[in-house]
1. What pairs come up if the first residue lies in the stretch 98-110 and is of a type in the set (Lys, Arg), the second is part of a loop (DSSP other than H, G, I, E, B) and more than 11 Å from the ligand (Cβ to nearest atom), and their beta carbons are under 9 Å apart, counting only those six or more places apart or on different chains?
2. In the stretch 53-72, which residues are assigned to a loop (DSSP other than H, G, I, E, B) and surrounded by 15 or more Cβ atoms within 10 Å (Cβ to Cβ)?
3. Within the set of pairs 6 or more residues apart or between chains, which connect a residue that is closer than 21 Å to residue 157 by Cα inside the stretch 53-67 to a residue that is surrounded by 13 or more Cβ atoms within 10 Å (Cβ to Cβ) and of a type in the set (Gly, Ala, Ser) with Cβ atoms less than 7 Å apart?
4. Please enumerate the residues belonging to the stretch 139-152 that are surrounded by fewer than 19 Cβ atoms within 10 Å (Cβ to Cβ) and within 16 Å of the ligand (Cβ to nearest atom).
5. Tell me which residues, restricted to the stretch 124-168, are part of a strand (DSSP E or B) and either touching a Lys or Arg at 6+ places or on another chain (Cβ under 8 Å) or of a type in the set (Val, Ile, Thr) (or both).
Amino acid sequence: MSEEKRITPAETTDFNRRAFFVKLGLGSLSIAPAGTAAFSYQFLSPNVLYEPSPIVNAGKPEDYALNSVTIDVNAGIYIIHAAEGFFSLSAVCTHLGCMTAWKPELGIIACPCHGSKFYALDPKKTPGEKIEGPAPRPLPWLQVSLSDEGDLMVDRSKQIEPMKFVRV
Ligand code: FES
């Protein structure tokens with residue numbers, strides 16, 4: 001008769017404990033390379049900040065009525081269709097950077113934060129020039145051009161001298 005080897009409860013516990021520690025050790029060893037790989041990837045990938053393009057397509061000139069002031073809040077610009085042509089002003093107040101608003105009833109651009117006011121369509125004044133308030137500078141004129149498709153393109157990164165209109 002063959003003699004069967006019996007495993008005692010003490011041996012079973014010992015085996016389970018050994019298996020547990022082996023798995024724990026292997027798990028620990030696999031975490032280190034994963035962490036190294038993650039840090040290496042972060043180190044090697046370019047540290048680039050992707051910003052939206054400063055150039056805004058403002059659409060077709062015919063969409064803007066004569067003597068109209070249209071704000072694009074997302075882009076922070078005004079598209080203004082004056083008798084002399086099109087131009088664009090930054091809508092960001094030069095005081096502390098609040099978004100200004102066109103006040104058609106007053107015919108001016110006003111800042112809601114500290115009350116700066118700017119000319120927009122007054123034929124005797126330069127658009128963007130400050131009327132009153134703490135703003136230290138006028139609203140800057142931005143470069144406007146026409147695309148090959150005939151769209152108005154505003155480059156928010158390029159400030160220009162005032163009174164340069166785009167005639168369509
Ligand atoms: S931010 Fe416009 S007046 Fe202060």
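Read-outs throughout are calculated quantities, based only on the coordinates presented, and are distinct from any laboratory measurement. Keep in mind that this is a model prediction, so the values were computed, not measured. As a convention, Cβ positions derive from the backbone with ideal geometry for all residues, glycine included, and neighbour counts pool all protein chains shown.
1. Close Cβ pairs (under 9 Å, with a partner that is part of a loop (DSSP other than H, G, I, E, B) and more than 11 Å from the ligand (Cβ to nearest atom)) amount to 103/120.
2. Here is the first cut: in the stretch 53-72, the ones assigned to a loop (DSSP other than H, G, I, E, B) are 53-54, 60, 64-67.
Across the stretch 53-72, the qualifying residue is only 64.
3. Correct list of pairs: 56/75.
4. So the first thing to find is which residues in the stretch 139-152 are surrounded by fewer than 19 Cβ atoms within 10 Å (Cβ to Cβ), and the list is 140, 143, 145-151.
The answer is 140, and nothing else.
5. Start the filter on the stretch 124-168 by keeping residues that are part of a strand (DSSP E or B), which leaves 130-132, 141-146, 152-160, 166.
Selection gives 130, 131, 132, 141, 142, 143, 144, 152, 154, 160, 166.
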